[in-house]
Amino acid sequence: MSNLNIPNVKTFEFTKIIGFENIEFGNYIIIDDFTLIYAKEKITIGNYVHIAAFTSITGGESVILDDFSAVSQGCRILTATDDFKSFGFGNSTLDNKYRNIKQAPIHIGKFSIIGANSVILPGVTIGEGSTVGANSVVTKDLEPWGVYINNKRVAERDKKGVLANYKQFQDNPDSSVGSLFKVKSYHD
């Protein structure tokens with residue numbers, strides 16, 4: 001199953017990590033097949049984090065994925081993009097003086113969930129407990145404990161319920177991890 005030897009982190013045959021030395025891994029992390037992480041700067045992945053298949057984390061700036069966060073299938077976490085509104089006309093084949101690059105860190109807060117096929121653009125902070133609906137494009141910071149479609153807050157997340165469930169999790173440490181971490185399979 002795991003193609004990389006990272007304690008308490010499950011990766012798969014087609015997980016691709018570039019810049020391994022720039023990543024700080026917590027415990028009980030799952031990084032699915034066909035995920036690309038390109039770490040030119042520091043990336044911190046907290047405890048109990050899931051990064052689902054076909055996700056990419058790129059751009060050359062730092063990223064923080066706090067404890068219990070999840071990035072669903074097909075997401076793009078982009079710490080750098082080209083802005084074509086003004087002088088920039090090129091792409092990665094050109095020297096940066098011909099490009100208008102926006103580059104900034106991204107922070108995804110504790111208990112946050114990013115829905116499938118969403119894009120998080122440079123400089124965004126996803127507040128603690130927030131959820132982002134599938135196919136969203138997030139261009140600005142999102143306040144804690146909201147349910148968002150793109151940048152629009154459409155509902156409140158059940159903070160009290162999540163934290164009560166978290167308390168139960170803390171009170172039962174022997175049963176806190178998922179089955180993937182409990183049993184060794186013949187693929188390990």
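Looking at the stretch 3-108, which GluC sites (Glu not before Pro) are DSSP coil and have at most 12 other C-beta atoms within 10 Å of their C-beta?
Values: sites: E13, E21, E24, E41, E61; in loops: E13, E41, E61.
When the GluC sites (Glu not before Pro) of the stretch 3-108 are filtered for loop state and at most 12 Cβ neighbours within 10 Å, E13 remain.
Could you give me the ³J(HN,Hα) list for the stretch 68-85, computed from phi with Karplus coefficients 6.51, -1.76, 1.60 and θ = phi - 60°, whole Hz, x at Gly and Pro?
So the J values, rounded to whole Hz, are 6, 8, 9, 10, 6, 4, x, 7, 10, 9, 10, 8, 8, 9, 8, 9, 9, 6.
How far apart, in nanometres, would the label points at Q170 and N47 be if each is projected 7 angstrom from Cα along the Cα-to-Cβ direction?
Placing both labels 7 Å beyond Cα along the Cβ direction yields 1.1 nm.
Once the other residues with Cβ under 10 Å from the Cβ of T44 are scored (Lys, Arg +1; Asp, Glu -1), what is the net sum?
Details: positive: K42; negative: E24, D66.
Charge balance in the 10 Å sphere: -1.
Report, in debye and to the nearest 20, how large the dipole of the chain comes out about its Cα centre when Lys and Arg carry +1 and Asp and Glu carry -1 on their Cβ. It would help to have the intermediate numbers written out before the result.
Working: 19 positive and 20 negative charges, 82 e Å.
Around 400 debye, computed over the chain.
Under the Karplus relation 6.51 cos²θ - 1.76 cosθ + 1.60, θ = phi - 60°, what is the ordered set of whole-Hz ³J(HN,Hα) values for the stretch 52-58, x standing for Gly and Pro?
Calculated HN-Hα couplings, in order: 7, 4, 6, 8, 10, 10, 9 Hz.
Using modelled backbone amide H atoms (1.01 Å from N, in-plane), which distant-in-sequence or interchain residues come within less than 5 Å of T44's amide H?
Under 5 Å from the amide H of T44 lie the amide H atoms of E24, V63, I64, L65, each far enough along the sequence or on another chain.
Using alpha-carbon pairs under 8 Å, 6+ residues apart, how would you state the relative contact order of the stretch 9-181 in percent? All intermediate terms of the calculation are to be shown ahead of the outcome.
Values: 492 pairs, mean separation 22.7, N = 173.
Relative contact order, the stretch 9-181: 13 percent.
Please report, in whole Å, how far the alpha carbons of the stretch 9-181 spread along each principal axis, starting with the longest.
56, 38, 22
Helix 159-171 versus the longest principal axis of the chain: what angle, 0 to 90°, nearest 10, using Cα atoms?
Taking the Cα atoms of the chain, the angle to 159-171 is about 50 degrees.
Ignoring everything except DSSP H segments at least 4 long, calculate the 222 nm mean residue ellipticity for the chain; use -39,500 (n - 2.57) per segment, divide by total residues, nearest 500. Each step should come with its number before you reach the end.
Values: 1 runs with 13 residues, N = 188.
Calculated mean residue ellipticity at 222 nm is -2000 deg cm²/dmol.
Counting only DSSP beta bridges with both residues in the chain, tell me the antiparallel percent, nearest 5.
On the way: 7 of 43 bridges.
Expressed as a percentage, antiparallel bridges in the chain total about 15.
For an R0 of 25 angstrom, estimate the FRET efficiency from the Cβ-Cβ distance between N8 and A134 and round to the nearest 0.05. Walk me through the numbers on the way to the answer.
Values: r = 29 Å, r/R0 = 1.15.
That gives a FRET efficiency of 0.30.
Dipole magnitude of the stretch 115-188 about its Cα centre, charges +1 at Lys/Arg Cβ and -1 at Asp/Glu Cβ only, in debye to the nearest 20?
On the way: 9 positive and 8 negative charges, 29 e Å.
Using Cβ point charges on Lys, Arg, Asp and Glu, the stretch 115-188 gives about 140 debye.
Ignoring the sites themselves, what is the longest stretch of the chain with no chymotrypsin sites (Phe, Trp or Tyr not before Pro) in a DSSP loop and at most 14 other beta-carbon atoms within 10 Å?
Numbers: sites that count: F14, F84, F87, F89, Y186.
Result, exposed sites excluded: 90-185.
We did not get these values from a lab; they are worked out from the coordinates using the rules stated. Predicted model, so just to flag it, every value in this text is computed and none were measured. Every residue, glycine as well, gets a Cβ built from its backbone with ideal geometry; the counts of neighbours run over all protein chains shown.
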